[in-house]
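Read the structure below first, then the notes.
Just so it is clear, none of the values below were taken in a lab; they were calculated from the coordinates. Predicted, not measured: the structure shown is a model, and the values here were computed from it. FYI the Cβ positions are ideal-geometry reconstructions off the backbone, even for glycines, and counts take in every protein chain you see.
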Amino acid sequence: MSNASPDMAPFRRDRGFTLIEVLVAFTILAFSLAAAYGVFSDASRAVASGERYGRALALAESRLAAVEAARPDAVWDDAGEFDETYRWRVATETLSDNLPVNVQLEPVVVSVTVNWDGGGPLILETIRLRPR
């Protein structure tokens, strides 16, 4: 039988964590949080970029609809701003170089370009027929 009291028992590891274990745990936690922050930051930028692109697309479509609603013989070379962020340009180009003489309508490419701060250009094109 041993006369050793429980207070004199050898050092036991179940009393808590060592300083090294705590430092390792905090280091792992810091790296994990930094990685999660990077993922959420990239996702947030992607969402904002998608919203700007979607708005630019809607604005370009509205400009293209205005051209479609105009007279068929109109020639466009115009530019402007929707607001401080979005700028647009509409241009037409005739494609009648190789058409036979007796054709009454000529194809015209209508191009709408939208630029915005930090992005663009977004270009929409269509072909219209106009009287010769």
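Calculated from the structure at hand, Kirkwood radius over Cα pairs in Å is found among (1) 15.0; (2) 16.1; (3) 20.8 as (3).
Fewest neighbouring Cβ atoms within 10 Å first, the residues Val101, Val114 line up as Val101, Val114.
Considering only Leu29, Ala60, Ala43, the residue lying farthest towards the positive end of the dipole of the chain is Leu29, judged by Cα position with unit charges set on Cβ. Between the helical axis of 19-69 and the longest alpha-carbon principal axis of the chain there is an angle of about 10 degrees.
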